[in-house]
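What follows is a short report on a single structure.
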Amino acid sequence: MEKNIDRVVEILDRSHNTVVVTGAGISTEAGIPDFRGPEGIYRKLGENRVMKIINIDFFRNNPLEFYKFYRQYFIFPPVEPGKAHQVLAEMEKAGIIKAIVTQNIDNLHQKAGSQKVIPIHGNGARFLCQERNCRSVHDSNYVNTYPEVIPRCSQCGGILKPDVVLFGEHIKNYPDAMDRILGARVLVVIGSSLTVYPLAGFVKEFSTFTQYLIIINKGPTPLDHAAVVKLQEGNTGELLEEIFEKIKKRRKQ
Ligand SMILES: [Zn+2]
């Protein structure tokens, strides 16, 4: 374990283009439930039901039923970024990482101060007016305190849609995410089991051309064999902090 951490420190310290990919695992430490985990709503309610409702056609045809469900299961009380989010933001400031591609919609990287974040499934803290000529952005506080189930635009009264990728929609920032990942020298995957496509495909493609794939995830992933280091024990925030401290120490020498 100690050796593995030192190897990660060495690789990150030498790299000038490190990109981080994050999934649900990084946010569970901050208190956000993992939809796909054992206690997640996919298991509790059945994946088919979730996929049917959290779907772009269902939203368009049935916004009332959509929002009853969305408000119950997808809007959380305010959560603060965890240590892992904070350390990643500091690592960006220190020039150790270039960008974060995230599957999470919880806005926690942005809240922690990370500047270059590519949220491929959108941002659940934003709500967009669906009127073509308006497109006003509203925050989750506006929606949470809105007096009706279906939140409407403060400018034009149009229906607001969560700025997240629903089933039946394409991921956001596809070319940007792909370029960042395939162009990286070192890729660090944190808290993702790498089973959701197309992101898992980008990481797989990266790993066929480049040897510096690092995976920090509690469970197994299909690309563990391709990783130069796999860390699966301990708290992710503390692990990242230890790595960051060791890099700073090396740079002082
Ligand atoms: Zn509007």
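When the residues of segment 92-106 are filtered to those that are within 17 Å of the chain's Cα centre (by Cα) and modelled with pLDDT of 95 or more, which remaining residue is farthest from residue 182 (Cα to Cα)? If you could, list the steps in order and put the result at the bottom.
Taking segment 92-106 as the starting set, the residues that turn out to be within 17 Å of the chain's Cα centre (by Cα) are 92, 97-106.
Checking the rest, the ones that are also modelled with pLDDT of 95 or more come to 92, 97-102.
On the way: 92: 19, 97: 15, 98: 13, 99: 12, 100: 13, 101: 12, 102: 15 Å.
Looking at residues that are within 17 Å of the chain's Cα centre (by Cα) and modelled with pLDDT of 95 or more, I get 92.
Is it the case that some residue within segment 174-182 is part of a loop (DSSP other than H, G, I, E, B) and surrounded by fewer than 21 Cβ atoms within 10 Å (Cβ to Cβ)?
no
Taking the stated definitions as given, is residue 196 in the same structural domain as residue 95 (by TED's automatic domain parsing) and outside any strand (DSSP E or B)?
Details: in the same structural domain as residue 95 (by TED's automatic domain parsing): yes; outside any strand (DSSP E or B): yes.
Yes, satisfied.
Report whether or not residue 154 is over 21 Å from residue 196 (Cβ atoms) and more than 16 Å from the ligand (Cβ to nearest atom).
Values: over 21 Å from residue 196 (Cβ atoms): yes; more than 16 Å from the ligand (Cβ to nearest atom): no.
Answer is no for this residue.
Among the listed residues 188, 203, identify the single one that is under 18 Å from the mean Cα position of the chain (by Cα) and closer than 28 Å to residue 76 by Cα.
The conditions single out 188.
Return the pair list, or none, for Cβ contacts closer than 9 Å from residues in segment 142-162 that are in contact (Cβ under 8 Å) with a residue 40 or more places away in the chain to residues that are open to solvent by 70 Å² or more (accessible area, probe 1.4 Å) and within 12 Å of the ligand (Cβ to nearest atom), at least 6 apart or on different chains.
Pairs that qualify, where the first residue is in contact (Cβ under 8 Å) with a residue 40 or more places away in the chain and the partner is open to solvent by 70 Å² or more (accessible area, probe 1.4 Å) and within 12 Å of the ligand (Cβ to nearest atom), are 159/131; 159/152.
Read through the list (1) farther than 17 Å from residue 74 by Cβ; (2) open to solvent by 40 Å² or more (accessible area, probe 1.4 Å), then give the number of the only condition that residue 139 fails.
For residue 139, the failing item is (1).
Which residue out of 92, 148 is of a type in the set (Asp, Glu) and away from the ligand (no atom under 16 Å from the Cβ)?
After ruling out the rest, the residue left standing is 92.
Please state which one of 134, 129 is farther than 30 Å from residue 183 by Cβ, buried (at least 20 other Cβ atoms within 10 Å of the Cβ) and within 16 Å of the ligand (Cβ to nearest atom). Step through it out loud before you land on a result.
Values: 134 fails: buried (at least 20 other Cβ atoms within 10 Å of the Cβ).
Checking each option against the conditions leaves just 129.
Identify, by number, the condition in (1) more than 21 Å from residue 100 (Cβ to Cβ); (2) surrounded by fewer than 17 Cβ atoms within 10 Å (Cβ to Cβ) that residue 16 doesn't meet.
(1)
The values are calculated or read from the model by the stated rules, or taken from the named source; none is laboratory data. Remember, predicted model here, so these are calculated numbers, not experimental data. Here the Cβ is made from the backbone with ideal geometry for all residues, glycine too, and neighbour counts use every protein chain on show. For accessibility, only protein heavy atoms count, side chains too; no ligands or nucleic acids. Shrake-Rupley method; radii C 1.70, N 1.55, O 1.52, S 1.80 Å.
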